[in-house]
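For reference, the structure discussed in these notes is given below.
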Amino acid sequence: MKCPYCGNLGDKVVDSRESKEGEVIRRRRECLECGKRFTSYERIDEIPYMVVKKDGTRERFDRQKLVNGLLKACEKRPVSLKSIEAVADRVESTLQERPEREIPTAEIGAFVMEELKKLDKVAYVRFASVYRHFRDIGEFMDELKGLLTVEKQ
């Protein structure tokens, strides 16, 4: 940190405090050259994850939007909020592990469907019916038959 008084790059941290929200760290510093004290503020620079929609438009990844979709799919089902939060956590950690900052909605949807298939079959079918946009009842029945054959094995 460069001293605002003498320009020296050597300093020591005298005191550190986190803001109430935990978003900013305030540090009191003392210049090793001139001995004067100054304050610095540190913030985490978050680069947003972008979701690429089917029409090519991009928007910020919104965890709450994902949770709302999961809640809708799991409505009146024996699925705990903790399980839904865990699925959202796994989606977020998958995003964070990717080197690129953009992810197509198709990848997120496929991941969520796999998670719901393990969690609750009815919730999976509900989510798939909205996400996949089945063109007719035949496509929907094919999905159900595939689910039933996996269930029997």
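Numbers at a glance
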read-out: Flag for residue 54 being outside any helix (DSSP H, G or I), at pLDDT below 95 and not assigned by TED's automatic domain parsing to the domain that holds residue 129; value: no
read-out: Residue within segment 62-69 that is more than 30 Å from residue 122 (Cβ to Cβ) and part of a loop (DSSP other than H, G, I, E, B) present; value: no
read-out: Matching residues in segment 72-93 - criterion: being of a type in the set (A, V, I, L, M, F, W, C) and over 12 Å from residue 112 (Cα atoms); value: 74, 79, 81
read-out: Number of positions in segment 32-61 that are touching a Pro at 6+ places or on another chain (Cβ under 9 Å) and more than 30 Å from residue 123 (Cα to Cα); value: 2
read-out: Subset of segment 103-137 [in a helix (DSSP H, G or I) and modelled with pLDDT under 70]; value: 131, 137
read-out: Where residue 49 falls short, out of the listed (1) surrounded by 11 or more Cβ atoms within 10 Å (Cβ to Cβ); (2) without any contact (Cβ under 8 Å) to a residue 12 or more places away in the chain; value: (2)
read-out: In segment 7-31, the residues that are in contact with a strand residue (DSSP E or B) (Cβ under 9 Å, 6 or more places away or on another chain) and surrounded by fewer than 13 Cβ atoms within 10 Å (Cβ to Cβ); value: 10, 12, 13, 14, 15, 16, 17, 18, 19, 23
read-out: Among residues of segment 75-99, those that are outside any helix (DSSP H, G or I) and under 17 Å from residue 110 (Cα atoms), counted; value: 1
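The values are calculated or read from the model by the stated rules, or taken from the named source; none is laboratory data. None of the values given here were measured: they were computed from a predicted structure. Note that we place each Cβ from the backbone using ideal geometry, even for glycine, and neighbour counts take in every protein chain shown.
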